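Report on the following structure.
Derivation of every value follows stated rules applied to the coordinates shown; laboratory data play no part. Bear in mind that the values here come from a model prediction, so they are computed numbers and not experimental data. With ideal geometry, Cβ positions are generated from the backbone for all residues, glycine too; neighbour counts draw on all protein chains shown.
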There are 2 protein chains.
Amino acid sequence: MGEPARRLGIRDVAEQTGLSVSTVSRALNGYSDVKLETRRKVEAVAEQLGYRASFAASSLRSKQTNTVTFMVSKPWTKFVDPFFLILLDGVELSLQARGYALQIVMAREYETEFEIIRNSVERGRCDGLLFGRTRPEDERVEWLQARGFPFVTVGRTDKSDHDWVDVDHYKIGYQATERLIRLGHTRIAHLMTPLRYTYSKHALHGYRDALEAHGIGHDPALEIECYLSRKTGADAVTELITRGVGPTAIFCGNDVIALSAMEAMRQFGLRPGPDMALIGCDDVPVAAHVGLGLTTFRQDLDALGMRLGRMMVAKLNGDAGPHQQLIDAELILRGTDLPRAGGRVE
Amino acid sequence: MGEPARRLGIRDVAEQTGLSVSTVSRALNGYSDVKLETRRKVEAVAEQLGYRASFAASSLRSKQTNTVTFMVSKPWTKFVDPFFLILLDGVELSLQARGYALQIVMAREYETEFEIIRNSVERGRCDGLLFGRTRPEDERVEWLQARGFPFVTVGRTDKSDHDWVDVDHYKIGYQATERLIRLGHTRIAHLMTPLRYTYSKHALHGYRDALEAHGIGHDPALEIECYLSRKTGADAVTELITRGVGPTAIFCGNDVIALSAMEAMRQFGLRPGPDMALIGCDDVPVAAHVGLGLTTFRQDLDALGMRLGRMMVAKLNGDAGPHQQLIDAELILRGTDLPRAGGRVE
DNA sequence: ACCATATTCAAAAACGTTTTTGGAAAACGG
DNA sequence: CCGTTTTCCAAAAACGTTTTTGAATATGGT
């Protein structure tokens with residue numbers, strides 16, 4: 001009967017106003033060569049009709065999406081939730097303030113990430129890309145650099161020749177270790193986050209440098225790389241204890257590892273804190289409530305996110321950079337950073 | 001000097017293969033009217049050249065984005081992290097299995113949500129929409145229904161005449177209350193999640209029905225609506241205690257409220273559990289670690305997400321539905337559901 | 001050997017905007 | 001009053017695909 005419900009197009013606005021399509025477009029996009037009165041009319045009619053420009057058509061022609069994509073990696077989706085979400089909140093805030101939309105895609109595996117990047121960049125789905133879990137030598141970074149596509153990462157590469165924001169994990173490692181040393185510990189283990197990520201290496205260096213600065217050599221047997229499933233913090237603690245390498249304190253690369261380590265300690269009849277000092281990192285919500293309270297580092301993720309977003313906006317607006325920002329974490333003292341127990345058997 | 005770096009287009013693939021643009025397109029999109037040998041060649045050349053169809057162009061022409069948008073509301077971004085992320089994981093999994101991409105946008109306020117919906121739907125940025133925090137009378141739902149745009153929500157409206165998945169909060173409310181009654185409590189308070197959300201009403205009905213089923217009338221003074229900042233669980237507990245309405249047990253609409261309530265109890269010298277029984281909902285990670293352990297309900301969010309995704313796929317493929325699924329939550333018994341102090345267990 | 005049908009491909013139209021280009025009318029300067 | 005600039009708008013091209021339409025060739029049945 002009626003027409004087959006055609007999409008409402010710019011043409012309809014043009015007809016309704018008696019203007020040309022091009023004028024309507026220019027009016028709606030804020031060009032200066034349209035009379036104020038005309039612009040008003042166009043806006044009124046567009047509003048009344050409920051017209052919005054087709055995203056596909058406008059981005060095809062203008063080659064702009066006004067969209068920034070944040071690619072979130074699997075580990076984030078499962079475990080470090082708070083980290084990721086608060087970060088995103090900051091990003092979104094700073095992007096939307098400048099008229100950009102934030103869009104988030106999830107990557108299940110590292111290989112998938114590459115595919116997602118290609119899809120986003122080569123298919124032109126966004127103007128800029130954000131992601132984390134940066135590696136010392138990161139293919140994603142190199143690929144994007146080679147193509148000159150705008151991106152900012154959370155975390156650095158070894159070369160560090162692109163734009164990034166990062167938490168200063170070197171300083172975290174150094175401070176955590178130094179605190180434990182000041183408490184009288186000399187056998188301090190480090191349960192490391194996966195070394196494939198650059199920040200793990202930074203933390204390790206901080207840890208080692210602190211030891212060295214206090215005349216303590218680092219012992220490979222005390223440095224154990226931990227994962228989320230294959231080898232957890234608990235596995236590492238078990239290994240440390242059964243091998244009898246005798247640490248009295250542990251610095252964990254993140255709270256998930258620390259939490260897991262605490263579980264294992266209890267199984268061995270050790271109280272986290274009094275019997276084995278412990279410092280984590282991230283300040284996950286549970287940290288405050290577990291046992292004596294886990295001493296850890298808090299990061300201002302909101303600020304991190306905002307900077308990330310602002311950097312991207314700057315890049316998109318032609319500010320070549322370089323944009324690189326290091327953020328400090330704050331040590332949150334709770335119950336597990338205790339002095340070395342006097343009567344412990346070595 | 002060289003050409004100004006034109007975008008790699010389908011035309012390039014056509015030239016390289018000696019075929020027409022249309023054949024290349026059909027080959028790449030898996031149409032049957034192209035010879036296998038031809039398809040192979042096209043695929044090889046496309047791969048070698050690194051060609052991907054422009055998203056804007058293809059979605060303009062085909063009127064499909066193969067993208068589903070999940071709109072996440074502000075409260076989720078800040079507080080109920082685990083809920084939201086695991087859900088999304090399930091959604092993403094089921095969507096990508098059917099060739100759809102999941103894209104997430106964040107809404108800061110309820111008003112913003114409407115704007116986001118209009119942007120997504122009217123500008124044609126996605127083929128389907130997902131969102132939660134559904135209200136008894138939800139403008140978003142009505143707007144989308146009026147336009148016949150595919151969407152599925154987490155949570156129902158009062159009319160419940162659209163497609164949704166939902167956790168059975170009525171049953172949660174009933175079970176929680178019944179459990180507390182069985183433990184000898186008769187003065188049971190209910191700290192409600194905001195009643196603007198439908199699920200809060202369901203929980204309330206479950207709570208009241210359980211009371212009634214056991215011959216206990218509900219007392220408005222024991223039913224307090226809680227929010228994330230304005231009136232927290234702690235405020236509600238303070239109110240209950242200072243007004244002397246004398247509850248011996250509390251059922252909280254979610255764990256954040258329960259956690260906050262526990263804080264207040266301690267300030268009044270009350271031990272959550274022994275002095276005041278408590279049951280929450282959601283099973284946030286902290287729940288297991290706080291005090292005696294918070295008794296609460298766990299929801300299979302992964303399953304919820306997968307169903308959500310699959311429903312959307314079904315709708316997009318023409319399955320008219322209706323699609324409506326109610327999911328059960330599981331009661332996780334921990335330390336705060338204790339018998340009434342000095343009372344007798346049934 | 002002939003007609004009907006199936007297979008495979010190409011040309012051209014279409015999608016709905018934005019950008020480019022140009023031109024008429026209005027304003028301005030002398 | 002004339003030439004020049006400015007203001008404002010319209011026509012048409014362009015963006016890069018997919019879809020429609022049509023046609024050539026190959027295949028099959030009798």
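Counts of other chain beta carbons within 10 angstrom of each beta carbon in peptide A:284-290 average 5. Axis angle, to the nearest 10 degrees, between helix B:169-182 and the longest C-alpha principal axis of chain B: 20 degrees. The mean sequence separation of alpha-carbon pairs under 8 Å and at least six residues apart, normalised by the residue count of segment B:208-346, gives a relative contact order of 22 percent.
Size descriptors for segment B:82-145, from the alpha-carbon set: Rg then Dmax equal 12.6, 33 Å. For the peptides B:204-212, B:302-310, the ranking by mean Cβ contacts within 10 Å, running from highest to lowest, is B:302-310, B:204-212. Each Cα pair under 8 Å and six or more residues apart adds its sequence gap; the mean of these over the residue count of chain B is a relative contact order of 17 percent. Alpha-carbon geometry of segment B:10-53: the Rg and the Dmax are 8.9, 24 Å, given in that order. A Cα-only calculation for chain B places Rg and Dmax at 26.2, 91 Å.
Taking a ≥ b ≥ c as the square roots of the eigenvalues of the alpha carbon gyration tensor, segment A:247-327 is prolate, as a/c is not under 1.5 and a/b beats b/c.
With a simple spin-label model that places each label point 7 Å from the Cα along the Cα-to-Cβ direction, the separation between B:Q267 and A:Q48 comes to 5.6 nm.
Under the convention that each Lys and Arg Cβ holds +1 and each Asp and Glu Cβ holds -1, the size of the dipole of the protein assembly as shown around its Cα centre is about 1160 debye. Near B:E223, the amide H atoms lying under 5 Å from its own belong to B:H190; only residues 5 or more places off or on other chains count, and H is placed 1.01 Å from N.
Counting only other chain Cβ atoms within 10 Å of each residue's Cβ, the peptide A:201-214 averages 0.
Going highest first, how would you order B:277-284, B:6-13 by mean Cβ packing within 10 Å?
Going by the mean number of other Cβ atoms within 10 Å, highest first, we get B:277-284, B:6-13.
Once the mean of 1/r is taken over each pair of separate Cα atoms and inverted, segment B:169-299 shows a Kirkwood hydrodynamic radius of 14.1 Å.
If you take all C-alpha pairs in the protein assembly as shown, what percent of them are over 37 Å apart?
Working: 116517 of 239086 pairs.
When every Cα pair of the protein assembly as shown is considered, 49 percent fall beyond 37 Å.
Assuming R0 = 56 Å, can you tell me the calculated FRET efficiency for the pair B:T38 and B:W143, based on Cβ-Cβ distance, to the nearest 0.05? After rounding, the FRET efficiency stands at 0.75. Among residues other than A:D255 with Cβ under 9 Å from its Cβ, the summed charge is -2 (Lys and Arg +1, Asp and Glu -1). Under 28 Å Cα-Cα from A:K41, which lysines qualify once same-chain neighbours fewer than 8 residues away are excluded? The qualifying lysines are A:K63.
A Gaussian network model of chain B, with springs between Cα atoms under 10 Å, assigns the largest mean-square fluctuation among B:P220, B:P247, B:P274 to B:P220. Comparing A:E225, A:E37, A:E330 in a Gaussian network model of chain A, where Cα atoms under 10 Å apart are tied by springs, the biggest mean-square fluctuation is seen for A:E37. Considering only B:L259, B:L87, B:L326, the Gaussian network model of chain B with Cα springs below 10 Å gives its largest mean-square fluctuation to B:L326.
Near B:E43: Cβ cut-off under 13 Å, other residues only, Lys/Arg at +1 and Asp/Glu at -1. The net charge is +4. If we hang a label 7 Å off Cα along the beta carbon direction at A:S32, how far is it from the matching labels on the other copies, in nm, shortest first? Here the equivalent label points are 5.9 nm apart from this one.
Taking every DSSP bridge with both residues inside chain A, close to 10 percent are antiparallel. Sequence-distant contacts, meaning Cα pairs under 8 Å at least 6 residues apart, place the relative contact order of segment B:10-53 at 43 percent. Note on B:55-67: average number of Cβ atoms from other chains within 10 Å of each residue's Cβ is 5. Highest average first, the peptides B:44-51, B:89-96 ordered by how many other beta carbon atoms sit within 10 Å of their residues are B:89-96, B:44-51.
Kirkwood hydrodynamic radius of segment B:90-230 from all distinct Cα pairs, in Å? Let's see the in-between values first.
Working: mean 1/r = 0.0582 Å⁻¹.
It is 17.2 Å.
Ranking A:G99, A:Q145, A:A176 by Cα position along the charge dipole of segment A:77-211, where only Lys, Arg, Asp and Glu carry charges on their C-beta atoms, puts A:A176 farthest toward the positive end.
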